[in-house]
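S.K.: Once you've had a glance at the structure underneath, I'll fire off some questions.
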Amino acid sequence: MDVNEHLLNVVDVEATCWDGQPPPGQVSEIIEIGLTVVDLRAGERLAKHRLLVRPTRSKVSPFCTELTGLTQAEVDGGLSFAEACRTLAARHRTGSTPWASWGDYDRNQFTRQCRQTGTPYPFGHRHTNAKVVFTASHVLRRRPGMAQALTLAGLPLEGRHHRGDDDAWNIAALVLDLAARGDWPQAPGGEDGPDGAHGPAGVDRAHGPAG
């Protein structure tokens, strides 16, 4: 049995973006990865991490800087995307540790960029969409954004919204709140859903680019 099976990586990424369509020849690329380690058994956020990633097929727009606070000069000093993925796997055991994000954007962005660049996908197949779990727990008709969810849960927004490490930290607080309510799903490993790819609400057992 994995002695760290009660740990969860909560991940949030920021990517190059524009007020409208990307300029010709540019594509959205990850420029920041935030990761918070959660101990579900102890009900605590253990550590907060941040990786800056250097884009190669896009530039940080003024719109992106206004949204995320990141500048081109900052991300130029970041890791390559491949180096960032290797760091996630080596330092944070992302291949074997269950992980969660708010929605499927982060997982899809990693999948897309890994496929486009030929980079090995750094995560395992045990992913939970925290937004789906929160929506079911609070019996909402529409899935809320992270900031709205914090308000609904009576939790503060700590740090800056749309900064990867701060967003991951806040999402981790929502995960722990859901766990305290008894609504956070157990680590996938039981019965699959009808389509063979999903467990409880929000739990995706599909693989990355090769899956």
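The values are calculated or read from the model by the stated rules, or taken from the named source; none is laboratory data. Please read these numbers as outputs of a predicted model, since none were measured by experiment. In this analysis, Cβ positions are derived from the backbone assuming ideal geometry, glycine residues included, and neighbour counts consider all displayed protein chains. Note: accessible area is taken over every heavy atom of the protein model, side chains too, but ligands, DNA and RNA are not part of it. Shrake-Rupley method; radii C 1.70, N 1.55, O 1.52, S 1.80 Å.
S.K.: Compute the longest continuous run of the chain that contains no exposed trypsin sites (Lys or Arg not before Pro); treat a site as exposed when its DSSP state is not H, G, I, E or B and it has at most 13 other Cβ atoms within 10 Å.
M.R.: Working: sites that count: R41, R141, R142, R160, R181.
By the stated rule (loop sites, at most 13 other Cβ atoms within 10 Å), 42-140.
S.K.: Could I ask something else about it? Pairs of alpha-carbon atoms within less than 8 angstrom and 6+ residues apart define the contacts here; what relative contact order does the chain have, in percent?
M.R.: Once divided by the residue count of the chain, the mean separation gives 23 percent.
S.K.: For the pair H138/R86, report the inter-label distance in nm, with labels modelled 7 Å from Cα in the Cβ direction.
M.R.: Placing both labels 7 Å beyond Cα along the Cβ direction yields 4.1 nm.
S.K.: Sticking with this one: On average, how much accessible surface per residue is there in the chain, in Å², for a 1.4 Å probe, leaving out ligands, DNA and RNA?
M.R.: Here the per-residue accessible area is 49 Å².
S.K.: Could you state how much accessible area H92 has, in square angstrom rounded to the nearest 10, with a 1.4 Å probe and all protein chains kept in place?
M.R.: Number for this one is 20 Å².
S.K.: Please give the contour-minus-distance gain from L46 to F63: 0.36 nm per residue of separation, less the Cα-Cα distance, rounded to one decimal in nm.
M.R.: 2.9 nm
S.K.: Scanning the chain for GluC sites (Glu not before Pro) in DSSP loops with at most 16 other Cβ atoms within 10 Å, what's the longest stretch left with none?
M.R.: 6-157
S.K.: Could you work out what % of the accessible surface of the chain is carbon and sulfur, using a 1.4 angstrom probe and leaving DNA, RNA and ligands out of the count?
M.R.: Values: 5180 of 10300 Å².
On the chain, the fraction of accessible area on carbon and sulfur atoms equals 50 percent.
S.K.: Just by accessible area at a 1.4 angstrom probe, what is the order of Y105, Y121 from largest to smallest?
M.R.: Y105, Y121
S.K.: Which distance in nm do the two modelled labels at E158 and H125 give, with both placed 7 Å along the Cα-to-Cβ direction?
M.R.: 3.4 nm
S.K.: May I pose another question? Which value in nm describes the separation of the simple spin-label points at Q26 and A180, placed 7 Å from the Cα toward the beta carbon?
M.R.: With each label point 7 Å from Cα toward Cβ, the separation is 4.2 nm.
S.K.: Once Rg/Rh (Cα atoms, Kirkwood Rh) is worked out from the coordinates, which option in [x] 0.95; [y] 0.98; [z] 1.03 does it equal?
M.R.: Only one listed value fits the structure, namely [x].
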